[in-house]
Structures are given as C-alpha cells and as structure tokens.
Amino acid sequence: MGIRDIPFMTMDGKEISLAAFEGKALLIVNVASRCGLAPQYATLEKLQEQYGERGLQVLGFPSNQFLQELGSNDAIIELCSAKYGITFPIFDRVRVNGRHEHPLYTELKKTADADGKAGKVQWNFEKFLVTPSGTVQRFRPRTVPDAPAVLAAIEASLPA
C-alpha cells in the first residue's frame, strides 16, 4: 500500500485517502486551533488560493497530541471558517506520534527534514509536501508556510 492509499476519515465520518487528490501536490499539516502557531492557518489559506488552480491542495489534520486542539470537530470547523476563512479540507483528528499514531503519519515521518532528521513530529503545524510523483519533503513547525524553501518546493512540484 502506497502513501496515497492509506485511509483516513473526513470530519463527517466518511473514509477517504490521498488518492482522492490524484495529480495534485499535497501540503499536509497537523493543525491545532489553540496553538501559538495557529496564525499559520491564514498563510496556508493564502497558499491554497495562490497555488490551488495550479495543482496544490492543502490538507489539515487536527491533532490534540500536544493538547492544543478544540474539543469537537464542529468547534474546529467553526474556528477555521470564522477566524481564518479556511476553504481547504480539514479532516478528522489524528494522532501524529506514539503507539496509536495514524498510519499516514507513520509513513510521512520516515521523511527527513532539511537537517536530515526523520522521526517524531515535533509540534503542531509540521508540514509535509507530497508531490504528484510521490516524493515527500518535510518542513518543521516553525518554518512558516510561505518560507522561501516551502515556496520553492511547491513551485518545483507544480506544472509551470
């Protein structure tokens, strides 16, 4: 099973996989509404608006792994919509580390960051760019979504 075949759940309880976004570059982010990095939501939305027509799809995966996510899917969606105007998909909560981590994150975490370090997700808003060809690049939480390295990776993964 490839990374695009791993099932996960939508906010409304339907099973889906990354295969639903075939041909797109996917920016996968573990999000948390009460995190100090939550303003990155706004930048992620800007990236979706800027690059969406060229084939980028931002995907948000709420995680309470670091105890900074709201208590229900409805509350998460409400905050994302009202405060940040999010239009990209936000999925059901996942665990990103540990014994019960989601298989999608088990696969994503095999990818090393710019310093050559793979392994655990350090914090909320860690970003993984999955190119249409299946290559994965990793950006740690404090790397903002519009950092030059992230933008260069997005540009390289999209058609001209």
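Here, each number is a calculation from the coordinates, and none is a lab measurement. Treat the numbers as computed from the prediction; the structure is a model and nothing was measured. Every residue, glycine among them, receives a Cβ derived from its backbone with ideal geometry; neighbour counts consider all protein chains shown.
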- Item | For the chain, share of DSSP beta bridges that run antiparallel, in % to the nearest 5 | 60 percent
- Out of Ala112, Ile90, Pro62 - ranked by how far each Cα lies towards the positive end of the dipole of the chain, with unit charges on the beta-carbon of charged residues - the top one is Ala112
- DSSP-loop chymotrypsin sites (Phe, Trp or Tyr not before Pro) across the stretch 51-135, with at most 13 other Cβ within 10 angstrom: none
- Task: Report the residue, chosen from Leu37, Leu56, Leu27, that carries the largest GNM mean-square fluctuation when the chain is represented by alpha-carbon nodes joined by springs under 10 Å.
- Result: Leu37
- Query: Are there GluC sites (Glu not before Pro) in the stretch 1-82 that DSSP puts in a loop and that have at most 14 other Cβ atoms within 10 Å, and which ones?
  - Reply: Glu22
- Task: Would you look at the GNM of the chain, springs on alpha carbons closer than 10 Å, and say which of Gln40, Gln50, Gln137 moves the most?
- Result: Gln50
- Item | Among (1) 16.7; (2) 15.6; (3) 17.2, the entry that matches Kirkwood radius over Cα pairs in Å as calculated here | (2)
- Magnitude of the Cβ-charge dipole of the stretch 42-160, K/R +1 and D/E -1, about the Cα centre, nearest 20 debye? 460 debye
- With respect to the cross-link table entries Lys83/Lys110; Lys83/Lys109; Lys14/Lys127; Lys14/Lys109; Lys24/Lys110; Lys14/Lys117, which display a Cα-Cα separation exceeding 26 Å? Lys83/Lys110; Lys83/Lys109; Lys14/Lys117
- Lys and Arg at +1, Asp and Glu at -1: add these up for the other residues within a Cβ distance under 15 Å of Leu108 and post the number. +4
